[in-house]
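A.B. asks: Below is one structure. I have some questions about it.
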Amino acid sequence: MTVKISQTAEIQKFFEEASGFGNDNGSPRLKQIILRILNDSAKIIEDLEISDEEFWKAVDYLNRLGGRNEAGLLVAGLGIEHFLDLLQDAKDEQADLTGGTPRTIEGPLYVAGAPICQGEARLDDGSEEGVATVMFLQGQVFDPQGKPLAGATVDLWHANTLGNYSYFDQSQSEYNLRRRIITDAEGRYRARSIVPSGYGCSPDGPTQEVLNQLGRHGQRPAHIHFFISAPGYRHLTTQINLAGDQYLWDDFAYATRDGLVGDIHFVEDAAAARARGIEGRFAELDFDFQLQTAPAPVEQARSKRPRALQ
């Protein structure tokens, strides 16, 4: 029989000391969290009979995960970020805060400070002209009663045709494919951009390393991220995944949800292209958003999660 000591009084006292409960300094909240982590880690080690080799391989993995800046990718790939959405959905339902556009994960690739545009914007810098398909994206932002919301902020970002994001991909120009659009008097936003590509985890990275051991792929469908906000309304973090993508309902990050599929329409008509001021095939995508009333002022702002700043 394997000896289990994690719940003994001696070990509990030891973990409390390691968590800082023997002093009046520091953060009581963090002490509580660390104590839980120590207890749960010890229980895992005992219950699953984790060997020393397995333990130190895990420590090495965490070092490599941080070194590649992939922690945000891993929590998405293991479904933890999606779980946070499901947990908030359950809390909302209990509080009778339902309706509106569904939330979904933010992901790790947002960059604060994108240029602000009134009503409409061009997102791409033209560097993929002749390679990318031009995309015209538009929609409206509504309140819970279906009234258009003027002055709402539509903060959007997406990948290029290689599945890469500006800032993290240094070959792209500053804030390429990132803008903040203020809706017009009809609550409408309009954007010219390019059809994004989905992407996969780096094949030699630590996230894909774990997914390989789980027998899973690390692919995402083509998608567009959004923050939608307006005074008096709950901040919405969401994204739309593009219909027709082979990974639409097989997203390794579990971001695809009912109500968040964008029906992208490709147009081959030359006259329609000329009317848009372009040549060749292009795409059109309409997507509307509906916000919920904020029950408290704090819910009007996005979370204080650490984010990149250009």
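Quick note: the coordinates plus some simple rules give every number you see, no bench work behind them. Keep in mind the model is a prediction, meaning the values are calculated, not measured. FYI the Cβ positions are ideal-geometry reconstructions off the backbone, even for glycines, and counts take in every protein chain you see.
A.B. asks: When only Cα pairs under 8 Å and 6 or more residues apart are kept, what is the percent relative contact order across the range 1-54?
C.D. replies: Working: 22 pairs, mean separation 18.4, N = 54.
Relative contact order of the range 1-54: 34 percent.
A.B. asks: Let me ask another. With a cut-off of at most 15 other beta carbons within 10 Å, and DSSP calling the residue loop, which trypsin sites (Lys or Arg not before Pro) in the range 200-294 qualify? Please list them. Intermediate values should be presented prior to the final figure.
C.D. replies: Working: sites: ARG216, ARG234, ARG257, ARG274, ARG276, ARG281; in loops: ARG216, ARG234, ARG257, ARG276, ARG281.
Loop-located and lightly packed - ARG216, ARG276, ARG281.
A.B. asks: OK, next. Compute the angle between helix 9-18 and the longest alpha-carbon principal axis of the chain, please, reported from 0 to 90 degrees and rounded to the nearest 10.
C.D. replies: That helix lies at roughly 50 degrees to the long axis.
A.B. asks: Compare the Cα positions of GLN300, THR101, GLY259 along the charge dipole of the chain (+1 at Cβ of Lys, Arg; -1 at Cβ of Asp, Glu; about the Cα centre) and return the one farthest towards the positive end.
C.D. replies: Final value for the positive-end residue is GLN300.
A.B. asks: Compute the separation of the alpha-carbon centres of the range 28-57 and the range 59-100 and state it in Å as a whole number.
C.D. replies: With the range 28-57 and the range 59-100 each reduced to a Cα centre, they are spaced 20 Å.
A.B. asks: For helix 52-67, report the angle its Cα long axis makes with the longest principal axis of the Cα atoms of the chain; keep it between 0 and 90° and round to the nearest 10°.
C.D. replies: 30
A.B. asks: For the range 136-160 and the range 254-310, write down the distance between their C-alpha centroids in whole Å.
C.D. replies: Their Cα centres are 7 Å away from one another.
A.B. asks: Separate question: First select every other residue whose beta carbon is under 12 angstrom from the beta carbon of ARG281; then total the charges, Lys and Arg +1, Asp and Glu -1. All intermediate terms of the calculation are to be shown ahead of the outcome.
C.D. replies: Numbers: positive: ARG276; negative: GLU268, ASP269, GLU279, GLU284.
That sum, taken over residues with Cβ under 12 Å, equals -3.
A.B. asks: If packing is taken as the mean number of other Cβ atoms within 10 Å per residue, what is the order of 296-305, 159-168, highest first? If you can, show how the numbers build up before the last one.
C.D. replies: Numbers: 296-305: 10.9, 159-168: 19.2.
Per-residue mean Cβ counts within 10 Å order the peptides as 159-168, 296-305.
A.B. asks: Suppose we keep just the DSSP beta bridges with both residues in the chain; what percent of those would be antiparallel, to 5?
C.D. replies: Details: 30 of 48 bridges.
If I count the DSSP bridges inside the chain, around 60 percent turn out antiparallel.
A.B. asks: Quick one: which of 244-250, 120-126 comes out on top by average Cβ neighbours within 10 Å, and what's the full order, highest first?
C.D. replies: On the way: 244-250: 14.6, 120-126: 18.0.
Result, highest mean first: 120-126, 244-250.
A.B. asks: Kirkwood hydrodynamic radius (Cα pairs, Å) of the chain?
C.D. replies: Result for the chain stands at 22.0 Å.
A.B. asks: For LYS304, give me every one of the lysines with a C-alpha distance below 23 angstrom, ignoring sequence neighbours fewer than eight places off in its own chain.
C.D. replies: Partners found: LYS31, LYS91.
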